[in-house]
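Laboratory data are not the source of any read-out in this text; all were calculated from the coordinates shown. Just so you know, these numbers come straight off a predicted model, no measurement behind them. All Cβ positions, glycine included, derive from the backbone under ideal geometry; neighbour counts span all protein chains shown.
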Protein chains: 2
Amino acid sequence: MRPPHPLTSWLERIVEPTAGEYAAIARLSAEVRSLPADQPLRRLGEEAGSAFLVLEGILCASKPAEGDKHQIVAFFVPGDLPDLEALHLGRSGQDIAAITACRLAVLGHAELRALCAAEPRIAALLWRATLVAASVSREWVVNTGHRSAVAALAHLFCELSTRLEAIGLARGGACDLPLTQTHLSRATGLSLVHVNRSLQELRRRGLLSLGNGRLAIHDWAGLAALGGFEAGYLHLPRPRWMAA
Amino acid sequence: MRPPHPLTSWLERIVEPTAGEYAAIARLSAEVRSLPADQPLRRLGEEAGSAFLVLEGILCASKPAEGDKHQIVAFFVPGDLPDLEALHLGRSGQDIAAITACRLAVLGHAELRALCAAEPRIAALLWRATLVAASVSREWVVNTGHRSAVAALAHLFCELSTRLEAIGLARGGACDLPLTQTHLSRATGLSLVHVNRSLQELRRRGLLSLGNGRLAIHDWAGLAALGGFEAGYLHLPRPRWMAA
DNA sequence: CGACAAATTGAGCCGGATCAAACTGAGTGG
DNA sequence: CCACTCAGTTTGATCCGGCTCAATTTGTCG
């Protein structure tokens, strides 16, 4: 008896799967791929034949910008499906790379398409997952476009903490978050130096502490207010402790 | 004999529809809604029961930012499906408003879901449309995050011109583009004053002219180079004149 | 101990924000 | 036909948040 396919628990986190859905997923091949930290997974424009489900680790998607800079446009945490878009666009629209060492379930496009045709509810939920990613991306436009440095960072930490909380990898605003200040600068569009100073500002205000790959939010309400964070765009069931 | 449903020509622009697909679309109710300029269509958080296909006009999606500012996160032109995401997310994630007077085909969510279940290829193409919108949104993160004022504007004009070209509303970089400088400032995150000065800079360099609701790109290669524009992220068939 | 990645600090500068005002053109009503 | 209004554009002056360049410190690992 094999362990269930990783997509099973992904599905169970959202709905109560039917027997048919269980069976259809069980029919998928269950390749798991390991990726060391800092390794590229996909390159912009590359033709892709498979998608991934993150089991462990953190990845990011980035696009080249002016000079040799790269703007990070998304982070992926366990339960996310990086590059699922290539399923219908054929090629990857960004560079995707591991930040920490990762374990990924490989989902072949052909199998995925067959699954979607056979199980329309799964298709709708995968579609939905891409829509949530798009919603996050629009929020990032606001973040990089209109918010000050401290606000942008505050917002980013609120988002990541909330997403990690939703999958049980954060509790009460504390989580492992092995991002360097360079990652943060590439995600916000700020200079490395200014990220450093803005982080000091956030610490000095007693809003959070960040270091050694660990984030602890000490004043959730204050941080969310500063960053203008409204969790709705993540389309997650809102956990109790965050209410009001 | 009724005219064909507007979604028919949307589909025909991408694939050769089957008889079954024609029939399934013909079964949709064909309500068309008119919307005067500057009228809101959807508000953030509003529960939505229908999606739209733009037949005429330009709309934009925006999200509230610091103070009473609103960051524009997307423009919609004919052939686009604003707020299609609400089909699977239930509520609208942004404010959507007409910029010019618009005509929209109304697509009820229930009918749309039935259509997707019956015609998986149409479902995949609608999914694809949302993925392209997401890809554009990620490019906007780069635009607002890393590009200078002139570069961000140059990139925006390249994008809009390319999209309008693809639906036959632009030729050789010239198109009607009834955006005010205020719209441009809200889309790029720049101040109105600075947009004005950056536009003068673009005109002075002989790259484009913009005024009276009309955009003319005089030096496509120069403008694209300045803005770092690579049309790939739009996932359109690339027109000949743009090559090399 | 040396090497290297990451974090931190300091100084000077600039792109773009802000504030304030004037200008243009298209209505619109007397 | 003119005065008025109002949205949109333009200009000028000033200020500051964030960038750049350059160095130093800290922590980790071999």
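Suppose the chain between residue B:209 and residue B:18 were pulled fully straight at 0.36 nm per residue; how much longer would it get relative to their current alpha carbon spacing?
64.4 nm
Please quote Rg/Rh for the range B:120-244 to two decimal places, taking the Kirkwood radius as Rh and restricting both calculations to Cα atoms.
Result: Rg/Rh = 0.98.
In 5 Å bins starting at zero, report the fraction of Cα pairs in chain A per bin as a rounded %.
Using 5 Å bins, I get a P(r) of 1, 6, 13, 18, 19, 16, 12, 8, 5, 2, 0 for chain A.
Most mobile of B:40, B:120, B:178 per a Gaussian network model of chain B (Cα springs, under 10 Å)?
Evaluated over chain B, the most mobile residue of the options is B:120.
Would you mind working out the magnitude of the charge dipole of the protein assembly as shown relative to its Cα centre, with +1 at each Lys and Arg C-beta and -1 at each Asp and Glu C-beta, to the nearest 20 Debye?
In total the dipole reaches around 660 debye.
Highest mean first, how do A:71-80, A:45-54, A:223-232 rank when packing is the count of other Cβ atoms within 10 Å averaged over residues? The partial results should precede the final answer.
On the way: A:71-80: 22.6, A:45-54: 17.7, A:223-232: 19.5.
My ranking of the peptides, most packed first, is A:71-80, A:223-232, A:45-54.
Pop the C-beta distance of residue B:148 and residue B:114 into the FRET formula with R0 = 56 Å and round what comes out to the nearest 0.05.
FRET efficiency, residue B:148 to residue B:114: 0.70.
Quantify how strongly other chains surround peptide A:42-49 by giving the mean number of their Cβ atoms within 10 Å of each of its Cβ atoms.
Whole-number average of other-chain Cβ neighbours for A:42-49 is 1.
Under the √(5λ) rule applied to the eigenvalues of the Cα gyration tensor, what semi-axes describe the equivalent ellipsoid of the protein assembly as shown? Give them in Å, descending.
In descending order the semi-axes read 33, 31, 21 Å.
Could I have the simple spin-label model distance between residue B:216 and residue B:33, label points 7 Å from Cα toward Cβ, reported in nm to one decimal?
The modelled label-to-label distance comes out at 3.8 nm.
Which whole number gives the average count of other chain Cβ atoms within 10 Å of the Cβ atoms across peptide B:121-131? Numbers along the way, then the final one.
Numbers: counts 1, 0, 6, 7, 1, 2, 10, 6, 1, 7, 12.
Going residue by residue through B:121-131 and averaging, the value is 5.
Take every Cα pair under 8 Å in the range B:147-242 that's 6+ residues apart, average their separations, divide by the length, and report that relative contact order as a whole percent. Write out the running numbers ahead of the final one.
Working: 119 pairs, mean separation 35.9, N = 96.
This gives 37 percent for the range B:147-242.
Which whole-number percentage describes the relative contact order of chain A, with Cα contacts under 8 Å and a sequence gap of 6 or more?
Averaging sequence separation for qualifying contacts and normalising by length gives 18 percent for chain A.
Given points 7 Å out from each Cα along the Cα-Cβ axis, report the residue A:176 to residue A:194 separation in nanometres with one decimal.
3.2
Helix-only estimate, please: 222 nm mean residue ellipticity of chain A, summing -39500 (n - 2.57) across DSSP H runs of length 4 or more and dividing by its residues, to the nearest 500.
Helix-only estimate at 222 nm: -13000 deg cm²/dmol.
Can you sort A:63, B:69 from fewest to most other Cβ atoms within 10 Å of each residue's own Cβ?
So the ranking, lowest neighbour count to highest, is B:69, A:63.
With unit charges on the beta carbon (Lys/Arg positive, Asp/Glu negative), name the residue among A:126, B:62, B:32 whose Cα is farthest towards the positive pole of the charge dipole of the protein assembly as shown.
Selected residue: B:62.
What is the mean number of Cβ atoms from other protein chains located within 10 Å of the Cβ atom of each residue in peptide A:79-91, rounded to a whole number?
For peptide A:79-91, the averaged partner shielding equals 3.
Highest first, please rank the peptides B:24-36, A:180-192, A:123-135 by the mean number of other Cβ atoms sitting within 10 Å of their residues.
Values: B:24-36: 14.8, A:180-192: 18.7, A:123-135: 20.8.
Ranked by mean Cβ neighbours within 10 Å, highest first: A:123-135, A:180-192, B:24-36.
Which values, in whole Å and largest first, are the semi-axes of the equivalent ellipsoid of the range A:6-119 obtained as the square root of 5 times each eigenvalue of the Cα gyration tensor?
Computed over the range A:6-119, the values are 27, 15, 11 Å.
I'd like the Karplus ³J(HN,Hα) series for the range A:87-95: coefficients 6.51, -1.76, 1.60, θ = phi - 60°, whole numbers in Hz, and an x wherever there's a Gly or Pro.
Once θ is set to phi - 60°, the couplings for the range A:87-95 become 4, 10, 9, x, 10, 7, x, 7, 7 Hz.
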